[in-house]
Amino acid sequence: MNNYFYDMIPQEDFIRLSYLPTIPQLLEKLEADYADMPAVTENKTTITYRQLIGNIGKRRAFIDSLGIPKGSTISVLERNSRDAIELYLAIMSAGYVVNMMPAQLAGMALYGSLKKFNSAALFVRNEFADIAKQANVDIPTYPASSIGDEYAPAYKDICKDTTAAIYFTGGTTGVPKGAILTHGNLMRGGYNGIFMPGKAIGVHRYITFLPFSHVFGSIRGLLSCLYTGSHIFTCTDMKMGVGSIPFIKPTCLVLVPGLCEIILGLAKLQGEAFLGGCLKTIIAGAANVPPRLIGDLDKFGISVLQGYGLTESSNLVSGNADYRQKPESIGQVYPEQEAKIVDGELWLKGDHIFKGYYGDPEKTAECFEDGWFKTGDLARFDQDGFLYIVGRVKNLILLDNGENISPESIEEKFYRNPLIKDCLVQQVEKNGQNILGIQILPNTPAFAGASQTEIEEKIKDAVNQVNETLPSYMQLRNIIVRTEDFKRTGSMKIQRNQ
């Protein structure tokens with residue numbers, strides 16, 4: 001038994017929160033244990049868990065009436081609404097495979113995605129109906145609000161290994177793919193997410209900031225919340241969602257670092273009252289979480305618990321509750337899964353690992369060896385069993401002297417500096433030679449009243465200090481101080497090709 005996680009929550013909660021291997025079993029638990037508790041609030045209207053389960057059953061009835069063969073893929077183009085929550089759970093519990101599509105998809109990207117995953121039907125938010133028409137979607141399309149009149153039970157032939165969902169992912173090779181996750185995969189990830197210090201059942205309020213099309217948003221941001229009988233407030237508009245924090249008074253938020261920065265900035269500007277007085281924990285991931293950010297939010301009484309996961313690992317692989325002692329670590333590996341380092345790369349095994357990439361057996365085979373999933377992440381464990389990500393295999397820079405350099409291992413040194421918000425180490429050509437350079441985005445509040453010249457001088461001093469700790473071939477000889485943010489991916493990670 002891994003007591004690092006199991007001892008985080010009270011024993012009485014731990015006993016009530018056993019691992020459930022399918023979505024229908026989770027829904028049975030919600031109805032049995034949390035029936036009269038508030039489940040979802042949208043536009044000031046709150047439904048209980050009993051009402052949520054009833055709505056999901058009626059949506060199953062509507063889906064079943066379409067005559068689509070069980071096991072088919074059904075796509076959903078929605079924002080983080082109550083409709084999205086109910087459809088997500090109804091599609092899977094009715095025996096179909098759900099594909100939550102990014103809301104920003106448009107035109108041929110939408111058409112191509114539906115074809116790629118062989119979708120049999122599409123549920124669309126009214127706001128996106130014209131986009132679907134413009135894309136000439138040639139499969140049956142229904143409003144995301146569609147619901148039946150009668151309750152239909154969950155499909156009985158669902159087990160742990162039944163395919164449940166397809167998620168967009170860059171995969172370990174960086175090419176967009178569809179990761180196939182089973183019920184057991186999703187539920188293992190959802191179960192891992194219940195472990196954080198303090199009481200777990202029925203005490204938390206969340207705002208659904210992260211899109212359900214992203215595995216972090218739908219597993220930790222939704223399934224783990226349902227698992228513990230939490231009260232979920234939908235967020236269909238990011239700006240309005242952030243502005244609602246003082247009124248909703250969330251106790252815990254699931255965020256990427258970029259959103260943490262926004263909320264921290266508003267708290268500094270408007271005062272601690274902006275945080276609502278109840279926010280004690282932020283679960284952060286999907287990109288590097290700088291120690292500076294962890295420290296700044298800690299001053300507001302907020303614990304930033306970072307973790308690590310991939311779409312292919314059902315989101316949650318490790319978590320760190322020791323954020324003060326080990327702010328640069330992504331924590332310890334969750335129970336019931338294995339991890340090892342092979343030639344510097346992190347390999348994983350367990351029931352959280354996906355089935356493969358949809359329609360791409362070659363890429364699937366490339367990322368498995370002897371039953372182990374090769375993450376593509378360079379990692380290390382410390383003497384206490386805490387895990388650290390030090391880079392990506394695909395990002396390694398081959399220097400002219402034959403040395404392989406992980407740019408992330410150098411960037412990590414800069415994230416400790418409160419003057420630096422973000423950075424990017426790259427190989428650049430200068431005077432006919434390939435050298436290492438860095439682009440740095442300053443942490444503007446740390447330079448109050450300073451001119452751009454003064455900012456650049458301090459940043460260069462910071463680079464020189466880091467260079468003194470590096471061997472000559474790793475030193476940074478080209479410095480760019482940015483005045484605009486980096487180009488970023490949908491999960492707020494820096495795009496490395498800029």
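The values are calculated or read from the model by the stated rules, or taken from the named source; none is laboratory data. Fair warning: this is a prediction, and the values are worked out from it, not measured in the lab. A quick note on method: Cβ atoms are made from the backbone with ideal geometry, for glycine too, and the neighbour counts reach across all protein chains shown. Side chains included, ligands, DNA and RNA excluded: accessible areas come from the protein's heavy atoms. Shrake-Rupley method; radii C 1.70, N 1.55, O 1.52, S 1.80 Å.
Output the residues belonging to the stretch 97-109 that are under 21 Å from Ile68 (Cβ atoms) and in contact with a helix residue (DSSP H, G or I) (Cβ under 7 Å, 6 or more places away or on another chain).
Result: Val98, Met100, Met101.
Hey, can you tell me all the residues within the stretch 330-343 that are over 20 Å from Leu253 (Cα atoms), touching a strand residue (DSSP E or B) at 6+ places or on another chain (Cβ under 6 Å) and either open to solvent by less than 30 Å² (accessible area, probe 1.4 Å) or hydroxyl-bearing (Ser, Thr, Tyr) (or both)?
Val333, Gln337
Please go through (1) under 22 Å from Leu305 (Cα atoms); (2) open to solvent by 20 Å² or more (accessible area, probe 1.4 Å); (3) in contact (Cβ under 8 Å) with a residue 24 or more places away in the chain; (4) of a type outside the set (Val, Ile, Thr) for Asp377 and return the number of the only condition it doesn't satisfy.
Exception for Asp377: condition (2).
Please pick out the residue among Ile68, Ile131, Ile147 that is open to solvent by 20 Å² or more (accessible area, probe 1.4 Å), β-branched (Val, Ile, Thr) and out of contact with any strand residue (DSSP E or B) (no Cβ under 8 Å at 6 or more places or on another chain).
Ile147
Return the only residue of Gly385, Gly356 being modelled with pLDDT of 90 or more, small (Gly, Ala, Ser), farther than 30 Å from Lys299 by Cα and open to solvent by less than 50 Å² (accessible area, probe 1.4 Å).
Gly356
If you go through the stretch 410-433 one residue at a time, do you hit one that is of a type in the set (Gly, Ala, Ser) and either under 20 Å from the mean Cα position of the chain (by Cα) or open to solvent by less than 30 Å² (accessible area, probe 1.4 Å) (or both)?
So far as the stretch 410-433 goes, no, none of its residues is of a type in the set (Gly, Ala, Ser) and either under 20 Å from the mean Cα position of the chain (by Cα) or open to solvent by less than 30 Å² (accessible area, probe 1.4 Å) (or both).
Scanning for something at pLDDT below 95, in contact with a Gly (Cβ under 7 Å, 6 or more places away or on another chain), over 19 Å from Ser75 (Cβ atoms) and not small (Gly, Ala, Ser), does the stretch 165-183 turn up at least one residue?
Looking through the stretch 165-183, at least one residue is at pLDDT below 95, in contact with a Gly (Cβ under 7 Å, 6 or more places away or on another chain), over 19 Å from Ser75 (Cβ atoms) and not small (Gly, Ala, Ser).
Could you name every one of the strands (runs of 3 or more DSSP E) located completely within the stretch 151-221 that has at least 2 residues being among the small types (Gly, Ala, Ser)?
In the stretch 151-221, 163-169, 177-182 are the strands (runs of 3 or more DSSP E) which contain 2 or more residues that are among the small types (Gly, Ala, Ser).
Could you tell me which residue of the stretch 34-59 is least open to solvent (accessible area, probe 1.4 Å), considering only residues that are of a type in the set (D, E, K, R) and more than 27 Å from the chain's Cα centre (by Cα)?
So, considering only residues that are of a type in the set (D, E, K, R) and more than 27 Å from the chain's Cα centre (by Cα), the one least open to solvent (accessible area, probe 1.4 Å) is Lys58.
Among the residues of the stretch 314-327, are any among the basic types (Lys, Arg) and open to solvent by 30 Å² or more (accessible area, probe 1.4 Å)?
Yes, the stretch 314-327 contains a residue that is among the basic types (Lys, Arg) and open to solvent by 30 Å² or more (accessible area, probe 1.4 Å).
Taking Ser303 as the residue in question, decide whether it is small (Gly, Ala, Ser), free of Cβ contacts under 8 Å to residues at least 60 places away in the same chain and surrounded by fewer than 23 Cβ atoms within 10 Å (Cβ to Cβ).
When the stated conditions are applied, Ser303 does not pass them.
How many residues does the stretch 259-282 contain that are touching a Lys or Arg at 6+ places or on another chain (Cβ under 8 Å) and open to solvent by 20 Å² or more (accessible area, probe 1.4 Å)?
Qualifying residue count, the stretch 259-282: 3.
Quick test of your reading of the structure: Ile459 fulfils all but one of (1) open to solvent by less than 60 Å² (accessible area, probe 1.4 Å); (2) of a type in the set (A, V, I, L, M, F, W, C); (3) touching a residue at least 24 places away in the same chain (Cβ under 8 Å); (4) in a loop (DSSP other than H, G, I, E, B). Name the failing condition by number.
(4)
Just checking, how many residues over the stretch 463-485 are among the β-branched types (Val, Ile, Thr), assigned to a loop (DSSP other than H, G, I, E, B) and either open to solvent by less than 80 Å² (accessible area, probe 1.4 Å) or within 20 Å of Lys421 (Cα to Cα) (or both)?
1
With the requirement that a residue be over 25 Å from Ser313 (Cβ atoms) and open to solvent by 10 Å² or more (accessible area, probe 1.4 Å), what does the stretch 209-234 give you?
His231, Phe233, Thr234
Kindly indicate whether any position in the stretch 225-242 is within 14 Å of Ile283 (Cβ to Cβ), modelled with pLDDT under 95 and not small (Gly, Ala, Ser).
no
Within the stretch 244-258, can you find the residues that are surrounded by fewer than 21 Cβ atoms within 10 Å (Cβ to Cβ), within 17 Å of Lys299 (Cα to Cα) and out of contact with any Phe, Trp or Tyr (no Cβ under 9 Å at 6 or more places or on another chain)?
none
Name, by its number, the condition in (1) touching a helix residue (DSSP H, G or I) at 6+ places or on another chain (Cβ under 6 Å); (2) open to solvent by less than 50 Å² (accessible area, probe 1.4 Å); (3) modelled with pLDDT under 90 that does not hold for Met492.
Of everything listed in (1) touching a helix residue (DSSP H, G or I) at 6+ places or on another chain (Cβ under 6 Å); (2) open to solvent by less than 50 Å² (accessible area, probe 1.4 Å); (3) modelled with pLDDT under 90, Met492 misses just condition (2).
Would it be correct to say that Lys160 is touching a Phe, Trp or Tyr at 6+ places or on another chain (Cβ under 7 Å), basic (Lys, Arg) and touching a residue at least 12 places away in the same chain (Cβ under 8 Å)?
Here the answer is no, as Lys160 does not meet what is asked.
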